[in-house]
Amino acid sequence: MSVLRWVLAAILLIAAPLPALAHSSTRGFVLLLPTGYVIFSGALVVLVSFIVVSTLKSSSSSLRLRPAAQRHSNAVLPSVISAIILGVAVSIGFTGPHDPAENLLPLMIWTLWWVIIVLLHPLFGDIWQTLNPFSGPARLITRIFPPPLAFPVQLAYWPALLIYAAFAWFQLVYPGPENPPRLALVVMLYVAGTMLAIMAFGHKTWLGKADPFAVFLSQVGATAPRTGAGWTYPGAGLLSLAPLPAAGMLFVLLTLSSISFDGLANTFAWLAVIGINPLDYPGRTAVMLPNTLGLLGSFILLAAVYVSAVCAGWAWAGKPVALGHLLGRLVLSLIPISIAYHLAHYLGDALLNLQYTVLALNDPLGSGENLLGLAGMHVTASFQNTAFGALVLFSVQTVSVVLGHVVATVVAHAMAADTGLDRVTMMKLEAPLAALMVLYTTFGLWLLATPAIS
């Protein structure tokens, strides 16, 4: 068991950019579990899933994976209400309590939006196109002032890539992403920039190709089994998405690598690499440079690993289709993995921060109000600090990671099947990417159990 852990640790340090789970606040209990067997079993399940789907007929219809119907919302009122709520939250960020655990803005941004709303998308589809605070006001404004500019086709997804990179750096590297006034200022700048871009190019173009969160949530929403036409298989909607250009492919990989580095940056292994004693962690300010380089390096290395895997399968299969088309299409199959890691990564923190959110709603200005009658309520983390609670949390995280990879494997096979190749050629085309997904599972489950700071 110890040999296996050291081998996996060495591989992790070499291939750090692979998607990984965040640290768990119940790691002391998790380390007592037979994690070696869990890791092996999870990887085996993903491998078996690839073998099973590879035996099916060379047609996506044989998998009953039919593209989900895409719905587009024209509702103005929900968006306007969201804009008002966001404005109130930003105001509270400036004037409310200084403690991030008591201020509504960081709780709304990092818990209600970045965790809860994101995780509702794989269940109900792209609800953000209705709830986002930009489309409604933009429709009202552009009725009077039509967008004067045409968005350059060559720029598609590049703004999304760059803005998301800045967002990831702010969230994962910057010392105070939860500081209410600073967060309020960042949100104001983002809102102002987005509204100016929408007024210049139109909301459909900007939100469809350039706004990172609209793009990301649209992709995540495409995995939902519930569609306007009924029910379908999880991930089937990804088959209806067009192959992405280079910037779009890099965008998907960035969303994976950033959450990967978030998990890696908290591990004892990474802290040892950058010369930090995990038992005497100095705080984010002291590690801004190595973490910035780590975040960038994770993205570059993950992109290299993905492109290498797809190129290897393409060459082994005899270069049967255009490489650019293949790279831009298969990268969409990684989105279920991103969803699984999002759930596993934030689950523990979300269960805790939702309690703080309720209390913040009870007294939004920190002035002693008792709007919901919850003045006597106390936040508890005890459910994460018992053997049973840790086991339940670990089990949910493990199952989500494994299922995410299984769905990704099936979707990737369905995409490969649409090329019309014979079974042997198609297996050659898929095999390197399938091997990469097995490694994703191994590293993700290992990081779930490895020591990390809380």
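Among 416-428, 254-266, what's the highest-first ranking by average C-beta atoms within 10 angstrom per residue?
Answer by packing, highest mean first, reads 254-266, 416-428.
Would you order THR142, THR409, THR442 from fewest to most other beta-carbon atoms within 10 Å of each residue's own beta-carbon?
Going from least to most buried by this count: THR142, THR442, THR409.
Mind checking which aspartates and glutamates have their Cα closer than 16 Å to the Cα of LYS209? Skip sequence neighbours fewer than 8 apart in that chain.
Counting by Cα, and skipping residues close in sequence, LYS209 has these aspartates and glutamates nearby: ASP126.
Using the Karplus equation 6.51 cos²θ - 1.76 cosθ + 1.60 (θ = phi - 60°), what ³J(HN,Hα) coupling, rounded to whole Hz, does each residue of the stretch 267-276 give in order, writing x for Gly and Pro?
7, 4, 4, 5, 4, 5, 4, 8, x, 10
Just to check I understand the Karplus step: with θ = phi - 60° and J = 6.51 cos²θ - 1.76 cosθ + 1.60, what whole-Hz values come out for the stretch 121-126, glycine and proline as x?
5, x, 9, 10, x, 7
Output ³J(HN,Hα) for the stretch 37-52: one whole-Hz value per residue in order, computed from phi by the Karplus curve 6.51 cos²θ - 1.76 cosθ + 1.60 with θ = phi - 60°, and x for Gly and Pro.
5, 5, 4, 4, 5, x, 5, 5, 4, 5, 4, 5, 4, 5, 5, 5
How high is the relative contact order of the chain, in percent, counting Cα pairs under 8 Å that sit 6 or more residues apart?
33 percent.
Could you calculate the FRET efficiency of ALA381 with LEU149 from 1/(1 + (r/R0)^6), where r is the beta carbon distance between them and R0 is 56 Å, rounded to 0.05?
Computed FRET efficiency for ALA381 and LEU149 comes out at 0.65.
Provide the packing ranking of 132-138, 236-242, 368-374, 95-101, i.e. peptides ordered by the mean count of other C-beta atoms within 10 Å per residue, highest first.
132-138, 236-242, 95-101, 368-374
Just going by the charge dipole of the stretch 71-221, with Lys and Arg at +1 and Asp and Glu at -1 on Cβ, which of VAL115, TRP158, MET199 is farthest out on the positive end?
It is MET199.
Using the Cβ atoms and a cut-off under 10 Å, what net charge is assigned to the surroundings of GLN171, where Lys and Arg are +1 and Asp and Glu are -1?
For residues surrounding GLN171, the net value is -2.
Which cross-chain or sequence-distant (5 or more) residues have an amide H under 5 Å from the amide H of ALA452, H modelled 1.01 Å from N in plane?
PHE268
Please enumerate, by chain and number, the aspartates and glutamates with C-alpha under 19 Å from the C-alpha of LYS428, excluding those fewer than 8 residues away in the same chain.
ASP418
Values in this text are rule-based calculations from the coordinates and carry no lab data. These numbers were taken from a predicted model, which means no experiment stands behind them. All Cβ positions, glycine included, derive from the backbone under ideal geometry; neighbour counts span all protein chains shown.
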